[in-house]
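Reading through the structure tokens given below for one structure.
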Amino acid sequence: MGSGTDRGSPLLGDSYPPTDLYRRGFDEAGVGLLILDAVSGHILDANRALCDLLGHPRGGLTGSSAALLGDDPALLFAGIRRWTTKDGSLIDVRVRTSPTSRPDACRTFVVERVDADEIVRSEENRAALTAAGLGEWRLDLADGFLRLSRRAAHILGSSPGMSLTWAQVQDLMDESEAARMKDTVRAAIIEDAPFAIEARLRRASDGIEIRISARGQAIGAIGARPAIVVGVLQDVTKRVEARDAQRESEERLRIATSLAELGIFEWHMLDDQAVWENERMFAIFGRAPEEGALGKREFLSTVLHPDDRAAFRSAISTALREDSTLQASGRIRRAQDGGWRIIDMAGRFESDARGRLPRRLIGVVADVTERRVAEERQALLIRELHHRVKNTLATVQAIVGSTARTASSIESFYEAFVGRIMSLAHTHSVLTEDTWQTASLRKLIENELRPYGDAGQDVPGTGRVTLDGPPVDLASEIAVPIGMAIHELTTNAAKHGALSTQEGRVAISWRLSEDSTGMMLHLDWSEFDGPPVRPPTRQGFGSRLLQRVLTAQVRAEIAASYPTEGFRMTMTAPLPARTEGLNPLS
């Protein structure tokens, strides 16, 4: 082969008499050349480039069956095909064929290797670009024209095959959008880097505003040739609208959960990992964001109150088994200060596909501590109110009966009855003024004795009335009977004792002590300089109140004496502990 007398391959015979010139051109061509007998399917000749491409020695393909190149029946059709090399590996080649009108004629094939990029840019893949809504474009800086594929022209509302100048593109956009796109493309050219940008523009055909996504790559200048920028274009109007709508929805949800002070979380079941979606979750649990979220195992074993763990596990199991909403409440120990808080949790288990087991829980958490405490306090107040109303009605009933039995006339009955009812009302007023539903002992005494204090005095002090004792708050259950007792003592002193004369004086003192049973109140009532005192010949309502009501309701010990210089009474009563549930700060 290549000599003046070489007639070529003996398989060709006289039908294939290449001359030396043609032989040399065939063998030294830079692309693979193959001549095939269309009838027998044998390779009549293959040049050096094709043998090198497929890994065969020179001349190694000649006389072989075309089946050596692969099993695909279409491997000898024009287009990009996958051929088999000598070592059995596959390579992608571009095949071009010579036309022939004779079925028994030899056929010539031009074979070139193609790389992955060329495959993607092949004509066979342009349909895929169109199906994806992508249009190709090229900006040539030599003439400033933007050249568009049919799909790209359709997106911009331009005529197919028409090139646009940069000025025409700018006319479709707001000034700020045009400047932003120009700066992006310029930066891509300078940095020789790919870019992606979204922009608003008005479609040339109808002026409707659309959103486009442009991606491209600047190709630097070669010699005197200016750079070009190539890329793809896509109409993303619907996608952007959906994204904006989702962002607005998420923002509304964020505002709503922020106002409602709800924490949002996800718990992934397989790896027991949680994602806390907002700052409120960290605030509820008293954790810093850098500490991360809590998984189920840590939550149940270390954070949730031991008494609430069984109920929580049961709620989770029920929600999984019944495919229902998770509703659970419990106490958690806040990491920040170690305090116990009450939370409500609601969530829904979700799976990746219908019929599959759930993989995650999406839910919200609310800190309901203040609300629960308020509800418990309200329930306690209602019980306290019922108890107080019952006691008040019993007291009124006793006042009516005893006042009627001791009154000598309608007028005396009215006077005594109204005074005692007003004293009862004063005591209740003092109770309702205090948040803890307690009454100040000093204030109860002042309310009763104020009319008998020295002229010009606003509050009883030195003079006719003397008060001496530390601050003492009486719980409601003892404030009413003690208030009634003070009223009876004051009324008795005003009618028959020290307060019935201008010279008479009353001294009230009290103190507190503590023993193994709790706090004790010691109260002394002493009268001086009044009319001579004599023991009573019969027991009136006041005496019965002191002896019966105080003893029964307050469990007080009463001691009364009647020396000539003035009436004396001492009372020792246990003070019940405050009901902490009524304290809004507890």
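Fewest first, what order do TRP166, TRP340 take by the number of other Cβ atoms within 10 Å?
By the 10 Å Cβ count, ascending, the order reads TRP340, TRP166.
Could you name the lysines whose alpha carbon sits less than 24 Å from that of LYS296, not counting residues in the same chain fewer than 8 places away?
Counting by Cα, and skipping residues close in sequence, LYS296 has no lysines nearby.
For the range 260-367, just run the numbers: alpha carbon Rg, then divide by 2.2 N^0.38 Å, N being how many residues it has.
1.03
Would you be so kind as to identify which of SER324, HIS305, ALA288 lies farthest towards the positive end of the dipole of the range 260-367, taking Lys and Arg as +1 and Asp and Glu as -1 on Cβ and the Cα centre as origin?
SER324
Could you derive backbone 3J(HN,Hα) for the range 147-153 from the dihedral phi with the Karplus parameters 6.51, -1.76 and 1.60 (θ = phi - 60°), listing whole Hz in sequence and x where the residue is Gly or Pro?
Going residue by residue, I get 9, 10, 6, 4, 5, 5, 5 Hz, with x marking Gly and Pro.
How many nm separate the modelled label positions at LYS238 and SER98, each set 7 Å beyond the Cα in the direction of the Cβ?
Spacing of the two 7 Å Cα→Cβ label points: 5.1 nm.
Straight-line reach only, C-alpha to C-alpha below 26 angstrom: list the lysines that LYS182 could link to, leaving out same-chain residues fewer than 8 apart.
LYS238
What does the net charge come to around ALA193 if you take all other residues with beta carbon closer than 15 Å to its beta carbon, with K and R at +1 and D and E at -1?
Local charge sum for ALA193: -1.
How much length would be gained if the chain were fully extended between THR318 and MET422, taking 0.36 nm per residue of separation minus their Cα-Cα distance, in nm to one decimal? It would help to have the intermediate numbers written out before the result.
Numbers: separation 104, 0.36 × 104 = 37.44 nm, distance 5.88 nm.
Net length gain for the segment: 31.6 nm.
Based only on other Cβ atoms within 10 Å, what is the fewest-to-most ordering of THR466, THR325?
THR325, THR466
Each reported figure results from applying straightforward, stated rules to the coordinates on display, with no laboratory input. These figures come from a predicted structure and were not determined experimentally. Positions of Cβ are generated from backbone atoms using ideal geometry, with glycine treated the same way; all protein chains shown enter the neighbour counts.
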